[in-house]
Amino acid sequence: MELGWLLWGAAVLLLLLLLHVLMELSPAVNFALRIGLYCLLCVVASALTVPACLLVNGGRTVKNMRIIKTVVKTFKYFFGLRFEVKGLKNFEVEGPAIIVSNHQSILDMMGLMEVLPNNCVQVGKKELMYTGTVGLIIYLGGVIFINRKSTTSAKMVMAEVAKTMATDNVKVWVYPEGTRNCTGDLLPFKKGAFHLAVQAQVPVIPVVYSSFTTFYNPKKNLFTSGKIKVEVLPPIETKGLTSDDVSDLTDKCFCTMRETLFRLSGRPSEAKDSS
Ligand SMILES: CCCCCCCCCCCCCCC(=O)SCCNC(=O)CCNC(=O)[C@H](O)C(C)(C)COP(=O)(O)OP(=O)(O)OC[C@H]1O[C@@H](n2cnc3c(N)ncnc32)[C@H](O)[C@@H]1OP(=O)(O)O
Ligand SMILES: CCCCCCCC/C=C\CCCCCCCC(=O)OC[C@@H](O)COP(=O)(O)O
């Protein structure tokens, strides 16, 4: 019996040593293992957090986000990530608001939880519901699911959210690029978030995360430790705006966020580029 345990111990040690050597030798193995660890953490942490959410809050509610946030905020220590946050005071608006931010990777969930204000739900693609325990925890957290393949259905869900935001007093977090983009720049913004803000007559609060490209790049199998700068920008008011103003509002927000992204990432702005 004792020899059996000893052999198991030796086997585990050998495996860890082998993984370490492979990680040192091959960037691809290093990347796959670190992403694998992140996914495993998400799956295991979700499985443990589901019962906590059910016991404390009884079912699907935005209040569960507080529990999820506490858990996810510990993940950064596994990957040597640091966050430098500025402008949290800008979240302190009276009542609901639309929060928009850039979306670079599945790692964004760590940055999201670093600054997430109370009573705030995210808009997510419906496919996330089918990711096992992760889908379950996201459902319990009150995430609003949209079908990106059907504009009509997505618009209907957003219109419903515009109606209930005020009564439920929730903030809604939208990734206006609509998909992940880790190029160090922004994709053109979809207009859903801005229609929502105008329909509900609530401010838009932009949040910008510096580019991950110095420490995370799937194409180059790069995933090391790193620092992420986060800035919560002043709210953009929408009182009195109509659907005719949505394009201008979208453009204004895009320009402000792009300028901030370049500044935070130490990249010269377009204006400086051309001079
Ligand atoms: C324990 C650990 C576990 C971890 C736990 C972590 C928990 C947190 C989970 C967080 C989940 C985060 C998930 C992130 C995502 O999934 S991002 C992807 C999904 N999100 C989005 O796509 C949002 C952004 N997209 C939009 O806003 C789109 O506009 C959308 C509403 C989806 C529609 O898209 P699409 O079909 O592509 O159409 P267009 O955008 O091109 O629009 C077409 C025309 O319609 C007009 N429009 C759009 N919306 C509206 C509206 N609400 N009302 C009226 N009109 C609307 C739009 O202006 C276009 O017309 P014009 O071209 O302007 O004439
Ligand atoms: C029974 C099924 C089991 C499935 C197991 C799947 C396990 C998944 C495990 C961990 C994943 C962690 C994900 C954390 C949440 C990430 C949310 C996110 O970033 O979604 C991407 C979405 O914004 C945009 O998607 P696309 O860029 O358009 O694509």
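Computed from the coordinates by the stated procedures, all read-outs in this text should not be read as laboratory data. Worth saying up front: this structure is predicted, and the values here are computed from it rather than measured. Glycine gets a Cβ as well: all are built from the backbone with ideal geometry, and neighbour counts include every protein chain shown.
Show me the ranking of peptides 187-195, 24-32, 44-52 by mean Cβ neighbours inside 10 Å, starting with the highest.
187-195, 44-52, 24-32
State which entries of LYS89/LYS126; LYS76/LYS229; LYS125/LYS191; LYS149/LYS190 exceed 20 angstrom in Cα-Cα distance in the structure shown.
LYS89/LYS126, as the Cα separations exceed 20 Å there.
Report the one residue of ASN217, GLY240, CYS253 whose Cα lies farthest in the direction of the positive end of the charge dipole of the range 207-257 (charges on C-beta: Lys and Arg +1, Asp and Glu -1; origin at the Cα centre).
Final value for the positive-end residue is ASN217.
Please report how far the C-alpha centroid of the range 52-110 lies from that of the range 200-273, rounded to the nearest whole angstrom.
18 Å
Rounded to the nearest 0.05, what FRET efficiency do LEU15 and ASN221 give with R0 = 30 Å and r taken as the Cβ-Cβ distance? Could you check?
0.90
Specify the angular offset, from 0 to 90 degrees and rounded to the nearest 10, of the alpha carbon long axis of helix 151-168 from the longest principal axis of the alpha carbons in the chain.
Result, in degrees: 80.
Using a Cα-Cα cut-off of under 20 Å, which aspartates and glutamates could be cross-linked to LYS239, ignoring same-chain neighbours fewer than 8 residues away?
GLU92, GLU94, GLU160, ASP168, ASP248, ASP251
Using a/c under 1.5 as the rounded threshold, could you call the range 2-274 rounded, prolate or oblate? The axes a ≥ b ≥ c are square roots of the C-alpha gyration tensor eigenvalues, and prolate needs a/b larger than b/c, oblate otherwise. List each step's numbers first, then the result.
Values: a/c = 2.31, a/b = 1.47, b/c = 1.57.
Note, shape of the range 2-274 comes out oblate.
If you rank TRP8, TRP173 by fewest surrounding Cβ atoms within 10 Å, what's the result?
TRP8, TRP173
Treating only the Cβ atoms of Lys and Arg (+1) and Asp and Glu (-1) as charged, compute the dipole magnitude of the range 192-273 about its Cα centre; round to the nearest 20 debye.
Dipole magnitude for the range 192-273 comes out near 620 debye.
What length, rounded to one decimal in nm, is gained on full extension from TYR77 through to TYR130, with 0.36 nm per residue of separation minus their alpha-carbon distance?
16.3 nm is the gain from fully extending TYR77 to TYR130.
Please state the charge dipole magnitude for the range 71-229, taken about the Cα centre, from unit charges on C-beta atoms (+1 on K and R, -1 on D and E), reported in debye and rounded to the nearest 20. Please report the intermediate quantities before stating the final value.
Working: 19 positive and 10 negative charges, 87 e Å.
Roughly 420 debye, rounded to the nearest 20.
Grab the Cα-Cα distance for GLU92 and ASN147, subtract it from 0.36 nm times how many residues apart they are, and report the gain in nm with one decimal.
Stretched fully, the GLU92-ASN147 segment lengthens by 16.7 nm.
Among LEU140, VAL123, THR152, which residue has its Cα positioned farthest towards the positive end of the charge dipole of the range 108-161, with +1 placed on the Cβ of Lys and Arg, -1 on the Cβ of Asp and Glu, and the dipole taken about the Cα centre?
Result: THR152.
Counting helices only, and only those DSSP H runs with n ≥ 4, report the 222 nm mean residue ellipticity of the chain as the sum of -39,500 (n - 2.57) divided by its residues, in deg cm²/dmol to the nearest 500.
-15500 deg cm²/dmol, from helical runs alone.
With unit charges on the beta carbon (Lys/Arg positive, Asp/Glu negative), name the residue among LEU16, MET113, LEU196 whose Cα is farthest towards the positive pole of the charge dipole of the chain.
LEU16
Quickly rank 105-113, 143-151, 254-262 as a protection proxy: mean count of other C-beta atoms within 10 Å, highest first. Walk me through the numbers on the way to the answer.
Working: 105-113: 19.8, 143-151: 15.7, 254-262: 18.2.
Packing proxy ranking, top to bottom: 105-113, 254-262, 143-151.
Answer rounded, prolate or oblate for the range 108-197, using the Cα gyration tensor with square roots of eigenvalues a ≥ b ≥ c: rounded when a/c is under 1.5, else prolate when a/b is larger than b/c, else oblate.
Rounded.
Top mean-square fluctuation among VAL157, VAL198, VAL56, Gaussian network model of the chain, C-alpha springs under 10 Å?
Taking springs between Cα atoms under 10 Å, the residue moving most is VAL56.
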